[in-house]
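First up is the structure itself, then whatever we jot down about it.
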Amino acid sequence: MVTTRTGFRCGTCGAEAPRWSGRCPGCGAWNTLLESRPPPAAAGGCGEGQLRPRGRPPAVPTAITAVDLEAAGPVPTGLAELDRVLGGGFVPGSVTLLGGEPGVGKSTLLLQVLAAHAAAGAPALLVCAEESASQVRLRAGRLGTVPDDLYVLAETDASAIPEAVDRSGARLVVVDSIQAVADPAVGAPAGSPSQVRACAELLVTMAKTAEVPVVLVGHVTKDGALAGPRLLEHLVDTVLSVEGDRHHALRAVRAAKHRFGPTGELGLFEMGDGGLSAVADPYRLLLGDRRPSQPGSSVVAAVEGRRPLLVEVQALVGTSPCGPTGPRRQAQGLDTGRLSVLLAVLDRALGLGLGRTDVFASVVGGVRLSEPASDLAVALAVASAAGGRPVPPDMVAFGEVGLGGELRQVAQAERRLQEAARLGFHRAAVPAGCCPGPPGMQLVRVDAVGDLPALLAV
């Protein structure tokens, strides 16, 4: 008699366990182990039948030099800023996961991509599991012309999607969203880890078999992370995120993972009545309303991918009321933990008494800065706000601040300085070992944060 052993698999991280327990041994999550059975073994003993099912032809390896590169070439999306992030467009057979907060413009962006794809003569399919077909039709009408080759499927059954792709002949498929579709063969509600994993595996298999690019819209948690099992991000080829404040018009698209090109590229869009449009001049939104004479304002020369970007950083230092919670530290567009470290370094080096004050820091325009190169600009803004002296209006800053207060070099300094010079900035606060600046650019080399008061007196 053949005995079938039953194992258990975590619905969050995919880790396997020989027996059930309340806590996953891989990620530590509670009550996520689900029963799983191995596929039945093929007859044939220990020979060939155990390695491949009976009746399937043997797989033939191909020399890597014989692989056709043109078959995997990207297809433009119709939006130049999105093509910048993707390295040219969607690759046939690829699966892309697009995440972002509610109302940031994920569905609008993808509907524009689908319309542009269909207008070019290639059928496109939108699987709307959260909206009705009439709702999608009304929104598409507000965005512009609706092509005939754009198809809509209002369906939550994931198993019906491959047949709909065959019937429509779609060459681009968008599923909105992966948490709203479900496979009837999986006994779990939509959005559960097992359903998200099963539906993602089904759509990945469909994309590879039909060589059709598939885009999955993913929800995010309150912390900004993609909802569902972590395995979802490993299954897909590309992970994109749409960032931006719903109260601002600027939207940024980034690639956190991309198997077909570099990550870190940034695409900028402006949200309007007609949808998302490429931003030709981002500084109209980022630096247009800047008040250089105001203390607490500085400009950082950041780099997103290969794109230099100058962004204003603001800081406010206020008196903290006495209470058990202590002074407040709030950051918008910056990492709050990193801000706390910078405040501790500044307090020790300059004695500003920041441990007894509230400190608020913000990046203007809804942009989020994650690279350490913004440390010097943030520290300069805080020192300016605490001392009441403005930063020179024609100065930019960049550099990483160490725990000892020293300034460390950052990558692509030359590109940052060239962009600052192009916009009319004549001075730059940089680490001491920075490269020479372009003609007409005066470099103020900083050894440690203790030199910041001298910058404010320039």
Within region 441-454, can one find any residue that is polar (S, T, N, Q) and under 22 Å from L369 (Cβ atoms)? no
Any idea which of E270, E304 is more than 30 Å from C434 (Cα to Cα), touching a strand residue (DSSP E or B) at 6+ places or on another chain (Cβ under 7 Å) and not polar (S, T, N, Q)? E270
Keeping to region 248-280, report how many residues are in contact (Cβ under 8 Å) with a residue 40 or more places away in the chain, exposed (fewer than 14 other Cβ atoms within 10 Å of the Cβ) and more than 26 Å from V95 (Cα to Cα). 2
Select from region 216-231 the residues that are modelled with pLDDT under 75 and closer than 14 Å to S192 by Cβ and write down the one among them that is surrounded by the most Cβ atoms within 10 Å (Cβ to Cβ). G228
Residue satisfying all of: in region 229-260; more than 28 Å from G26 (Cβ to Cβ) and of a type in the set (D, E); nearest to the chain's Cα centre (by Cα) among these: E243
Answer yes if at least one residue in region 157-168 is touching a residue at least 12 places away in the same chain (Cβ under 8 Å) and farther than 26 Å from V75 by Cα, and no otherwise. yes
Cβ-Cβ distance below 9 Å, separation of 6 or more or different chains: which pairs start in region 182-196 with a residue that is within 16 Å of L235 (Cβ to Cβ) and without any contact (Cβ under 8 Å) to a residue 60 or more places away in the chain and end on one that is part of a helix (DSSP H, G or I) and among the basic types (K, R)? V186/R197
Hey, can you tell me all the residues within region 133-166 that are farther than 27 Å from V204 by Cβ, assigned to a loop (DSSP other than H, G, I, E, B) and among the hydroxyl-bearing types (S, T, Y)? T145
Quick test for you: out of G388, G351, G355, pick the one residue that is touching a Pro at 6+ places or on another chain (Cβ under 6 Å) and surrounded by fewer than 17 Cβ atoms within 10 Å (Cβ to Cβ). G388
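Matching residues to (1) in a helix (DSSP H, G or I); (2) under 20 Å from A331 (Cα atoms); (3) touching an Asp or Glu at 6+ places or on another chain (Cβ under 6 Å); (4) touching a residue at least 12 places away in the same chain (Cβ under 8 Å):
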residue: V378; (1), (2), (3), (4): yes, yes, no, yes
residue: A381; (1), (2), (3), (4): yes, yes, no, yes
residue: A386; (1), (2), (3), (4): yes, yes, no, yes
residue: R416; (1), (2), (3), (4): yes, no, no, yes
residue: G424; (1), (2), (3), (4): no, no, no, yes
residue: C435; (1), (2), (3), (4): no, no, yes, yes
residue: D451; (1), (2), (3), (4): yes, no, no, no
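The values are calculated or read from the model by the stated rules, or taken from the named source; none is laboratory data. Bear in mind that the values here come from a model prediction, so they are computed numbers and not experimental data. Note: ideal-geometry Cβ built from the backbone for every residue, glycine included; neighbour counts use all protein chains shown.
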